[in-house]
1. Of the residues in the stretch 111-127, how many are within 12 Å of residue 168 (Cβ to Cβ) and modelled with pLDDT of 85 or more?
2. Before we move on, is residue 19 under 15 Å from the mean Cα position of the chain (by Cα), farther than 16 Å from residue 144 by Cα and among the basic types (Lys, Arg)?
3. On the basis of being over 17 Å from the mean Cα position of the chain (by Cα), in a helix (DSSP H, G or I) and at positive phi, does residue 126 make the cut?
4. For the stretch 22-42, how many residues meet the condition of being touching a Ser or Thr at 6+ places or on another chain (Cβ under 9 Å) and open to solvent by 40 Å² or more (accessible area, probe 1.4 Å)?
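The values are calculated or read from the model by the stated rules, or taken from the named source; none is laboratory data. A quick note: this is a predicted structure, and the numbers were derived from the prediction, not measured. Here the Cβ is made from the backbone with ideal geometry for all residues, glycine too, and neighbour counts use every protein chain on show. Side chains are part of the model used for accessible areas, which takes the heavy atoms of the whole protein and leaves out ligands, DNA and RNA. Shrake-Rupley method; radii C 1.70, N 1.55, O 1.52, S 1.80 Å.
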Amino acid sequence: PKTNVMSTVVTIHNETPVRDHVVWSLFNTIFMNYCCLGFIAFAYSVKSRDRKMVGDMTGAQAFASTAKCLNIFTLDMIKEEHEVSMLGPPQTSTAVTSTVVNIHNETTVPDHVVWSLFNTLFMNWFCLGFIAFAYSVKSRDRKMVGDVIGAQAFASIAKCLNISALTIQLLVVLAVIILVIVIFTAARTRLLI
């Protein structure tokens, strides 16, 4: 008897991983934030990571290239061989199938990235701002892959750390104000005597 054999051809494209330059951008944001270029590079790096998490490698590459350019410019080491190349469609004659992924926005989870970055830059007592920033990025990563419960857990920890950093900063400012008032009052009473 004649048997029909079904075959499936799978084409695997070997893509190089996209570097989002988050650590480099964060370093430039904290230590070399000339004209806020480090912060802008950091924003593009986070956008690149977000695009990479949802599978948009072209968008991730575009944002990563912008972040890299801004980081290089921040470090004042622009090189001539730096080129941004756009990848075109595959050069094969086989049919390429696409998969559609529907992402449902059931719950919006705030990841507190901006608040954490502000605390990292200006209120980093006991490194609470930096740790909160790390948890905020983890929350954003979990949110991008669809793990809402994990995103909420990391966001909750980031929120608590941000509140702690803010409380410590307010107490320090209050203590400094009280100390200045006490010193000023003591100096004034000595002048009057």
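1. Number of matching residues: 1.
2. Values: under 15 Å from the mean Cα position of the chain (by Cα): yes; farther than 16 Å from residue 144 by Cα: yes; among the basic types (Lys, Arg): yes.
Yes; evaluated as a whole, the condition is true for this residue.
3. Details: over 17 Å from the mean Cα position of the chain (by Cα): yes; in a helix (DSSP H, G or I): yes; at positive phi: yes.
Yes; evaluated as a whole, the condition is true for this residue.
4. Restricting attention to the stretch 22-42, the residues satisfying the condition of being touching a Ser or Thr at 6+ places or on another chain (Cβ under 9 Å) are 22-26, 28-30, 32-42.
Still in the running and open to solvent by 40 Å² or more (accessible area, probe 1.4 Å): 23-24, 30, 32-36, 39-40.
So the answer is 10.
Yes or no, residue by residue, for (1) hydrophobic (A, V, I, L, M, F, W, C); (2) part of a loop (DSSP other than H, G, I, E, B); (3) modelled with pLDDT of 90 or more; (4) buried (at least 17 other Cβ atoms within 10 Å of the Cβ):
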{"residue": "99", "(1), (2), (3), (4)": "no, yes, no, no"}
{"residue": "104", "(1), (2), (3), (4)": "no, yes, no, no"}
{"residue": "154", "(1), (2), (3), (4)": "yes, no, yes, yes"}
{"residue": "171", "(1), (2), (3), (4)": "yes, no, yes, no"}
